[in-house]
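J.: Once you've had a glance at the structure underneath, I'll fire off some questions.
The values are calculated or read from the model by the stated rules, or taken from the named source; none is laboratory data. Fair warning: this is a prediction, and the values are worked out from it, not measured in the lab. Please note: Cβ atoms are built from the backbone with ideal geometry, for glycine as well, and neighbour counts cover all protein chains shown. Note: areas computed on protein heavy atoms with side chains; ligands, DNA, RNA excluded. Shrake-Rupley method; radii C 1.70, N 1.55, O 1.52, S 1.80 Å.
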Amino acid sequence: MAIKKIITEPNKLLRKISLPVENVGKKEQQLMDDMLDTMYAANGIGLAAIQIGVPKNVVVIDLNKDNKKLPMFFVNPKITSKSKSLKKYEEGCLSIPNLFAEIERPSECEIQYLDYFGKEKTLTANGLLATCIQHEVDHLKGILFIDYLSKLKKDIILKKLSKQKIDQKRLVI
Ligand code: NI
């Protein structure tokens, strides 16, 4: 188990399309463990493998904010249906630090995936879980939540991000 570096925008890797996992073995479980550690350390509720530079279809989520940890693992997650009804959430992303925006997505979705042990599962998600899963599955396709914003709003966010990066560099001694 190890805490990895989270890649932040702008970075071409975040636009890469992740590849399916062929077999869930020790190596993949190790990846999931590292992702979970990284996500907890960064106080996030979801993380896709590409965010630590691994282009594989793997997502971890834990919506539980208390000390009780309830991690969920999704290998090769596929959204098989989405509700017509939409819901707005103020979204953030560990790869887009300190910036948030209201994004509208289907309020419910059904997903197929393999769990931590490679077992086939299906799940109907609603509420925050539905939003989170859709956000993470987007990462696997190289899509970020800011892509849903108008060009103007997106440009403002990107500008703020580059400024943050420059400021961070200035702090290095
Ligand atoms: Ni994200």
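J.: Report, to the nearest whole %, how much of the accessible area of the chain belongs to carbon and sulfur atoms, 1.4 Å probe, protein only.
T.: 54
J.: Looking at segment 90-162, which trypsin sites (Lys or Arg not before Pro) are in a loop (DSSP not H, G, I, E or B) and have at most 14 other Cβ atoms within 10 Å?
T.: Here the trypsin sites (Lys or Arg not before Pro) that fit, given the DSSP loop and packing criteria, are K119, K141.
J.: What is the dipole size for segment 124-173, taken about its Cα centre, with +1 at each Lys and Arg Cβ and -1 at each Asp and Glu Cβ, in debye to the nearest 20?
T.: 420
J.: If I stretch the segment between K163 and E110 completely, what's the gain in nm (0.36 nm per residue apart, minus their alpha carbon distance), one decimal?
T.: 15.2 nm
J.: In µm²/s, what is D for segment 41-133 at 25 °C and 0.890 mPa s, where D = kT/(6 pi eta Rh) by Stokes-Einstein and Rh is the Kirkwood radius from Cα pairs?
T.: My calculation gives 174 µm²/s for D.
J.: Quick one: Karplus J couplings for segment 96-110, per residue in order, coefficients 6.51, -1.76, 1.60, θ = phi - 60°, nearest Hz, x for Gly and Pro?
T.: Result, ordered by residue: 10, x, 6, 10, 9, 7, 6, 10, 9, 9, x, 6, 9, 8, 10 Hz.
J.: Counting other Cβ atoms within 10 Å, which trypsin sites (Lys or Arg not before Pro) in segment 14-44 have at most 16 and lie in a DSSP loop?
T.: Listed in order of number, the matching sites are K16.
J.: Placing +1 on the Cβ of each Lys and Arg and -1 on the Cβ of each Asp and Glu in the chain, which of P55, Y116, L161 has its Cα farthest towards the positive end of the resulting dipole?
T.: The Cα lying farthest towards the positive end belongs to L161.
J.: Quick one: putting +1 on the C-beta of Lys and Arg, -1 on the C-beta of Asp and Glu, what dipole do you get for segment 1-118 around its Cα centre, in Debye to the nearest 20?
T.: For segment 1-118, the charge dipole is close to 260 debye.
J.: For K84 and K154, compute 0.36 nm times the residue count separating them, minus their Cα-Cα distance, and round to one decimal in nm.
T.: 22.7 nm
J.: Where nothing but the Cβ of Lys and Arg (+1) and of Asp and Glu (-1) is charged, how large is the charge dipole of segment 62-173 around its Cα centre, in debye to the nearest 20?
T.: 440
J.: Averaged over all directions, how much area does the convex hull of the C-alpha atoms of the chain cover when projected, in nm²?
T.: 10.6
J.: Across segment 146-159, in residue order, what do the Karplus-derived ³J(HN,Hα) couplings come to in whole Hz, using 6.51 cos²θ - 1.76 cosθ + 1.60 with θ = phi - 60° and x for Gly and Pro?
T.: Coupling constants for segment 146-159: 5, 5, 7, 7, 5, 4, 4, 5, 5, 4, 4, 5, 4, 5 Hz.
J.: Through the Karplus equation 6.51 cos²θ - 1.76 cosθ + 1.60, θ set to phi - 60°, convert the phi angles of segment 66-76 into ³J(HN,Hα) values in whole Hz; use x for Gly and Pro.
T.: With the stated coefficients, segment 66-76 comes to 7, 6, 5, 9, 10, x, 10, 10, 10, 9, 6 Hz.
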